[in-house]
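Following: one structure in structure tokens, then a few remarks.
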Amino acid sequence: MLWLWTGLGVVVSVPVAALLLVIWLHFYLCWRYLGHVVRIFQERPLFIVPRGQPVPGAEDVRFRTADGLTLVGTYFRAEGPRRGVLLFGLEFGSNRWACLPYCEHLLAHGYDVFAYESRNQGESESLPGYDPLPWVTEYEVRDMEAALAYLRSRPDADPGGIGLFGISKGGSVGIAVAARDPYVRCVAVDGVFATHIVMVPYMRKWFGIYNNNYWLQQVVPLWYYGQVGLIGLRRIERLRGCRFVHIEKCIHQLAPRPLLMIHGGSDTYVKPEMARALFERAREPKELWIIDGAKHNQNLHVAGEEYRRRTLEFFDRHLAKRTASLVHGGAVPASATGPVADEAAILMARLMLT
């Protein structure tokens, strides 16, 4: 066995010396670098947040979360006979009326849409001490679960289940909620992101900016940035009193429900390779549509009619043809039976085994 003299009058073996070097490097990097990670992670991107205007005739509702907050939502009724119900997940900072550009064509083709504002957003009640970020936390998941419970409780609820359509943060929250609840029959999302997948590449870039020891940039492996990132996340959770949700784990649990992921080919916040890395974690059936030239949350503006056509076809194929839709004002049995209920039970069993 080889031995080394440390210069402090202590002789150690080579394996011990290597271990001591790794420990020193870890604490050095955390000391020099972790503060930057914590600060940058809590910054908000500079982009225009859309805010819509109220629509006459839409049904405004109030509903409660499991932890006692009152949230505000709006139920938009379809034109003509209903073919399905969609829960809409808003992007960070927008209001419930901002869903309409994404959903007008769906309303025109028989889909009811329910959009709501999360806690500390829009007209919904705020949780004291909580300051939301673009990243998904357990609080946004609770809020969407409460919205899902509200849709189940309506007199005109569809016992066959609903579809989910979400933009950016709202889509990421939707993936987390749908992974737990088979009442969500299919998921279409636009511009979604996952904490770890987005964080690690940026951390490597930040490291090059804030650390001038170029030899360290060469020796630090990519997986280690993820470990430091997790330490940073735990620190932010303690500072902000929340828990972040890892969408990477949730997206794997969606199957066999269909997934449509839409992403901007020129997205500079959540780069297309990050979207592909998240998409790879999902199981079939799944589809990824990268829209050339579109920046973050600009896919509808770039793709226009093609965007509307593909989202409508997705819900027509995976929701309208598989759910027993009810006529508006109809009563829902206390317990659904038959093929739809049997399929839901089978799906719940599959989710419990994953």
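For a quick check of your reading of the model, give me the residue pairs whose first member lies in the stretch 176-188 and is in the same structural domain as P159 (by TED's automatic domain parsing) and of a type in the set (F, W, Y), whose second is surrounded by 24 or more Cβ atoms within 10 Å (Cβ to Cβ) and modelled with pLDDT of 95 or more, with beta-carbon atoms closer than 8 Å and at least 6 apart or on different chains.
Taking only residues 6 or more apart or on different chains, the pairs are Y183/G161; Y183/I162.
How many of the residues making up the stretch 143-172 are of a type in the set (A, V, I, L, M, F, W, C), in a helix (DSSP H, G or I) and closer than 23 Å to E284 by Cβ?
Going through the stretch 143-172, the residues of a type in the set (A, V, I, L, M, F, W, C) turn out to be 144, 146-149, 151, 157, 162, 164-165, 167.
Remaining after also requiring in a helix (DSSP H, G or I): 144, 146-149, 151.
Narrowing further to those that are closer than 23 Å to E284 by Cβ: none.
Number of matching residues: 0.
Given the conditions (1) crowded, with 18+ Cβ neighbours inside 10 Å; (2) over 24 Å from E237 (Cα atoms), report the number of the one that A149 does not fulfil.
Status for A149: all satisfied but (1).
Mind checking whether some residue in the stretch 77-85 is in a strand (DSSP E or B) and in contact with a Cys (Cβ under 9 Å, 6 or more places away or on another chain)? Break it down stepwise before answering.
Step one: filter the stretch 77-85 for residues in a strand (DSSP E or B), giving 84-85.
This time we only want the ones that are in contact with a Cys (Cβ under 9 Å, 6 or more places away or on another chain), so: none.
The answer is no, given that none of the residues of the stretch 77-85 is in a strand (DSSP E or B) and in contact with a Cys (Cβ under 9 Å, 6 or more places away or on another chain).
Do we find a residue being surrounded by 15 or more Cβ atoms within 10 Å (Cβ to Cβ), over 21 Å from the mean Cα position of the chain (by Cα) and at pLDDT 95 or above anywhere in the stretch 283-297?
Taking every residue of the stretch 283-297 in turn, none turns out to be surrounded by 15 or more Cβ atoms within 10 Å (Cβ to Cβ), over 21 Å from the mean Cα position of the chain (by Cα) and at pLDDT 95 or above.
Taking helices (runs of 4 or more DSSP H) that do not extend beyond the stretch 238-322, which have at least 3 residues that are in contact (Cβ under 8 Å) with a residue 12 or more places away in the chain and of a type in the set (F, W, Y)?
Correct list: 305-315.
The values are calculated or read from the model by the stated rules, or taken from the named source; none is laboratory data. Since the structure is predicted, the reported quantities are computational estimates derived from the model, not experimental observations. We place every Cβ from the backbone using ideal geometry, glycine too, and count neighbours over all the protein chains shown.
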